[in-house]
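Step one of this worksheet: look at the structure below.
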Amino acid sequence: MANHKSAIKRARQNEIRRVRNKATKTRIKGVTKSVHLAAGDDAADALNSAKSVIDNAVKKGVIHKKTAARKISRLSKHVNAAKQ
């Protein structure tokens, strides 16, 4: 455990951020799964909501911008392949 006052504060902040980031990452996994399970027009709606959730995660600094772009690209490919 941390001994210095600043290290104790840093550990407390890291724990708060870890929990917040975990919630956001779990939400990303959930919307990704919903896109994969959706069919037809529902898939397009699910994709739009997934894009929104992923972009918000980038804005909060939970995931990297390029990671988000890769996830969105793969989901889009999946939805477009399902249309054909």
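The values are calculated or read from the model by the stated rules, or taken from the named source; none is laboratory data. Bear in mind that the values here come from a model prediction, so they are computed numbers and not experimental data. Note that each Cβ is placed from the backbone with ideal geometry, even for glycine, and that neighbours are counted across all protein chains shown.
Observations on the model:
- Some residue of the range 46-64 being loosely packed, with under 12 Cβ neighbours inside 10 Å, within 22 Å of Ala82 (Cβ to Cβ) and either hydroxyl-bearing (Ser, Thr, Tyr) or touching a helix residue (DSSP H, G or I) at 6+ places or on another chain (Cβ under 7 Å) (or both): yes
- Cβ-Cβ distances below 7 Å connect no pair with a first residue in the range 23-45 that is surrounded by 15 or more Cβ atoms within 10 Å (Cβ to Cβ), a second residue that is modelled with pLDDT under 95 and not in a helix (DSSP H, G or I), and a separation of six or more residues or different chains.
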